[in-house]
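Below is one structure, written out as structure tokens; the observations come after it.
Please treat every number below as a calculation from the coordinates, not as lab data. Note that the coordinates shown come from a computational prediction; the quantities given were computed from them, not determined experimentally. Counting neighbours? That spans all protein chains shown, and the Cβs are built from the backbone with ideal geometry, glycine included.
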Amino acid sequence: MKVWLALEKQEREVGGVKTVRQLLNHFSYKEEEVLVINKKESRLLTLDEKLEKEMDLRIIRVVSGG
Amino acid sequence: MRCKVCREKAEIYLRSHNIALCRGDFIDFFERRVKKVIEEWRMLTHTDRVLVAVSGGKDSLGLLHLLKKLDYNVTGYYINLGIDEYSDVSLEKVKEFSEARGISIIVEDLRVAWGRGMGEVAKEVRRPPCSLCGMVKRYLMNRAAGKFSVIATGHNLDDEASTLLGNLFRWEGGYLGRQSPALEQKGGLKKRVKPLSFTTERESAAYAFMEGIDYILEECPLATGATSLFYKEILNQVEERMPGTRSRFLKGFLDFQGEHLRKEKENALRPCARCGYLTTAGVCNFCRLEEKIRR
């Protein structure tokens, strides 16, 4: 599936992950640090949500500094 | 995961509250909590003229959106800090946001006053950009708030908890005494409120997304390596192990502060000898900064 990392402004192709929780582990993100968006449906995904190959996802980092 | 309220498919799970919510119920949950904070801390009334500081980010634009939705008399205030492309993009976001919602915005440009942006000034005076930026923004906001009765900022629970942690590490008695979701007007200092003090950064980002707010996703380039980000990282680690700790940390402190730090709260703020802004020093930090960069 395609995953757009908003902060890094990079698109990655990710395989072998079945849930949002696994996706966050793949990128070493903590739950409190990000939101995962299903781009086509324009909705947020919870950690238990099952992922499919054709999904187009966005990961937004929510932590801001300063 | 199903929404705890309506059993529809959930869009967000809030670990610290142990609830999953759908979009409609999350928006309702978020707005009711902020409204409660505004009332409990007597932050705003509908007769107030509220100046809302906006940066183009999720918290400040979300706050301005919500206060407008709650029918408060709001005006936005944006400071162009002259941080290259980052400032241009954030100003664009603020303009698009305000035009779409019919909210007027006051824009101030640091480069007009100083001939250079925050990055250059921080290098010149050899101070960490974030602390310098915070001080300058607080000063300019207060100066711009002349005809307004309250200044509102989008500081969230993560900001407040990380500030508290930093102040505790350094035992900053004065700052600890004054850290509060609402500070009443004192002398030349306008009343300041932080209605998002008890909502997490993630909740704030989810609210902005669900309400269709197009905010700047990029991090300020000057904030790279900022101490506040490190404190947030620590707190997020703690939060993962013990959900709700961040909130208990801040709320517990505010209870403790009332009983033990009142003296510090009332400590020696006096008018700056040059501009009259309340400060603990003879001449305020902003005047000392201007003196340095105008030499």
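One table, with the values for the structure above:
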| item | result |
| --- | --- |
| Centroid-to-centroid separation of segment B:203-262 and segment B:157-193 [C-alpha atoms, Å] | 14 Å |
| Using a Förster distance of 22 Å, the FRET efficiency for A:VAL14-A:GLU41 (Cβ separation, nearest 0.05) | 0.75 |
| 5 angstrom amide H check on B:LEU189, placed H, neighbours 5+ away | B:LEU278 |
| Share antiparallel - DSSP beta bridges, segment B:67-221, percent rounded to 5 | 25 percent |
| Mean separation of Cα contacts under 8 Å (6+ apart) over length of chain B, as relative contact order % | 20 percent |
| Angle between chain B longest axis and helix B:58-69 axis [Cα atoms, degrees, rounded to 10] | 70 degrees |
| Chain B - charge dipole about Cα centre, Lys and Arg +1 at Cβ, Asp and Glu -1, debye rounded to 20 | 980 debye |
| Average partner coverage of B:165-176, which counts Cβ from other chains inside 10 Å | 0 |
| Approximate spin-label separation B:ASP71-B:LYS9, in nm, with each point projected 7 Å along Cα-to-Cβ | 3.6 nm |
| Within segment B:1-134: Cβ-based charge dipole about Cα centre, in debye rounded to nearest 20 (Lys, Arg +1; Asp, Glu -1) | 620 debye |
| Computed helical MRE - 222 nm, chain B, DSSP H runs ≥ 4 contributing -39500 (n - 2.57), nearest 500 | -15500 deg cm²/dmol |
| Where labels lie 7 Å past Cα in the beta-carbon direction, separation of B:VAL89 and A:PHE27 in nm | 1.5 nm |
| Per-pair calculated FRET efficiency, R0 = 56 Å: A:ASP56 and B:VAL125 via Cβ, rounded to 0.05 | 0.75 |
| Cα→Cβ-extended label distance, 7 Å offset, between B:ARG2 and B:MET242, nm | 3.4 nm |
| Set of segment B:16-31 residues, backbone N closer than 11 Å to the point 7 Å along the Cα-Cβ line of B:LYS251 | B:17 |
| Added length on full extension, which subtracts the Cα-Cα distance from 0.36 nm per residue, B:CYS275 to B:PHE169 | 35.0 nm |
| C-alpha long axis of helix B:201-210 to longest principal axis of chain B, angle in ° | 70 degrees |
| Relative contact order %, segment B:165-295, counting alpha carbon pairs below 8 Å whose residues are six or more apart | 26 percent |
| Peptide B:7-14 - average C-beta neighbours from other chains (10 Å radius) | 3 |
| DSSP beta bridges in the protein assembly as shown [antiparallel fraction, %, rounded to 5] | 50 percent |
| Given charges at beta-carbon only (K, R positive; D, E negative), |dipole| of the protein assembly as shown in Debye | 1020 debye |
| For B:ARG49, residues with placed amide H under 5 Å, excluding near neighbours | B:SER149, B:VAL150 |
